[in-house]
Amino acid sequence: HTGNMLTEEKDEFWEIVSKVINQEFTNSEFKTGQFYEKLKFPKDGKNRYTDEEIRARIKAAGFDSVANFITDFRLNKGASYLLSRPKDPIWKIAHSIGYKAHTHFSSQFKSKFGLKPFEYRKQYLKES
């Protein structure tokens, strides 16, 4: 549901979130702290959002934490890449969305989608 939320919400907060997450999700070092900093101190120098405002907006969107929001975004990207890059091995996709260990990606992916990445790819590529 991350994709819809980022495109349907047109207010400034979600525009900044979309820009930040799309620029940073490939960086395995990008964590909650950097997310907060980029929203609190955008490049134009204005202090836009407090930690409390950021947490409240993320929670209102259905995520219990910023970390879970980032993970959900990465996993949705991973699902998309599994189908749009069918020849790429799972480890390469995991690394391309900010995971250092493909095993960690695989376990989180299975928790979210109910299938291991290779099972997901096999099932959904067969259907298309």
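The values are calculated or read from the model by the stated rules, or taken from the named source; none is laboratory data. A quick note: this is a predicted structure, and the numbers were derived from the prediction, not measured. Cβ sites come from the backbone with ideal geometry, for glycine too, and all protein chains shown count toward neighbours. Only protein heavy atoms, including side chains, enter the accessible area calculation; ligands, DNA and RNA are left aside. Shrake-Rupley method; radii C 1.70, N 1.55, O 1.52, S 1.80 Å.
The figures follow:
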{"quantity": "When the range 21-83 is reduced to its Cα atoms, the Kirkwood hydrodynamic radius in Å", "calculated": "12.5"}
{"quantity": "Projected-area average for the chain over all orientations - Cα convex hull basis, square nanometres", "calculated": "8.1"}
{"quantity": "Stretchable slack from Thr32 to Leu115, in nm (0.36 nm times residue separation minus alpha-carbon distance)", "calculated": "27.2 nm"}
{"quantity": "Rounded, prolate or oblate (a/c below 1.5 giving rounded, otherwise prolate when a/b exceeds b/c) for the range 59-127 by Cα gyration tensor", "calculated": "prolate"}
{"quantity": "Approximate spin-label separation Ala56-Asp11, in nm, with each point projected 7 Å along Cα-to-Cβ", "calculated": "1.0"}
{"quantity": "Tensor-based shape of the range 89-128 (alpha-carbon gyration tensor, a/c under 1.5 rounded, otherwise prolate or oblate)", "calculated": "oblate"}
{"quantity": "Relative contact order for the range 47-125, counting Cα pairs under 8 Å that sit 6 or more residues apart, in percent", "calculated": "22"}
{"quantity": "Kyte-Doolittle mean at least 1.0 and Cα axial length at least 30 Å: DSSP H helices in the chain", "calculated": "none"}
{"quantity": "Where the range 24-128 is the region considered: accessible area per residue in Å², 1.4 Å probe", "calculated": "58"}
{"quantity": "Share of carbon and sulfur in the accessible heavy-atom surface of the chain [1.4 Å probe, %]", "calculated": "51"}
